[in-house]
Amino acid sequence: QVLLVESGGGLVQAGGSLTLSCAASGNIFGINAMGWYRQAPGKQRELVAIITSVGIRNYADSVKGRFTISRDNAKNTVYLQMNSLKPEDTAVYYCNAQRLGGIAGWGQGTQVTVSS
């Protein structure tokens, strides 16, 4: 089992920045991608950004140019740098890890609230 622990959420004004971190531990063998998802009240969970073990990145259109995903393989940690935050970015942000066979685990989530 993969244990994912997120940190870095909080309250920020529109236009501000936050950086989320997600540290993976446990059975991390074979993890080939890590990603960030978010879920706003009353909405489905959606992909925000994902990065593969070789550094290929994909972003949701709504965050392109504002968010940057990165990873430190030595620390088994993935980051999400969020700039120019908007109220519509308010959500619980979840980290996940993926293997070829599917999702290896989810984090517990961290709240991001952007005030207007």
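The values are calculated or read from the model by the stated rules, or taken from the named source; none is laboratory data. Everything numeric in this text was worked out from a predicted model, so none of it was measured. Note: ideal-geometry Cβ built from the backbone for every residue, glycine included; neighbour counts use all protein chains shown. The area values use the complete protein model at the heavy-atom level, side chains included, leaving out ligands, DNA and RNA. Shrake-Rupley method; radii C 1.70, N 1.55, O 1.52, S 1.80 Å.
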### Task
Just name one of Ser25, Gly101, Gln111: the one whose Cα is farthest towards the positive end of the charge dipole of the chain (beta-carbon charges, Lys/Arg +1, Asp/Glu -1).
Gly101
#### Entry: Pairwise FRET efficiency - Thr113 versus Asn73, Cβ, R0 = 35 Å, nearest 0.05
0.70
### Query
Ignoring ligands, DNA and RNA, what accessible area per residue does the chain give at 1.4 Å, in Å²?
52 Å²
#### Entry: Rounded accessible area of Leu11 (nearest 10 Å², 1.4 Å probe)
130 Å²
### Message
Give me the percent of accessible area attributable to carbon and sulfur for segment 1-83, probe 1.4 angstrom.
### Response
52 percent
## Note on the structure
From highest to lowest solvent-accessible area (probe 1.4 Å; ligands, DNA and RNA excluded), Arg99, Arg45 read Arg45, Arg99
### Query
At what distance in nm do the modelled label points of Gln39 and Gln1 sit from each other, each positioned 7 Å from its Cα along Cα→Cβ?
1.8 nm
### Query
How big is the shadow of the Cα convex hull of the chain, averaged over all directions, in nm²?
6.8 nm²
#### Entry: Heavy-atom accessible area ranking, 1.4 Å probe, most first, across Val54, Val48
Val54, Val48
### Summary
Taking only protein heavy atoms and a 1.4 Å probe, the highest-to-lowest accessible-area order of Arg71, Arg57 is Arg57, Arg71
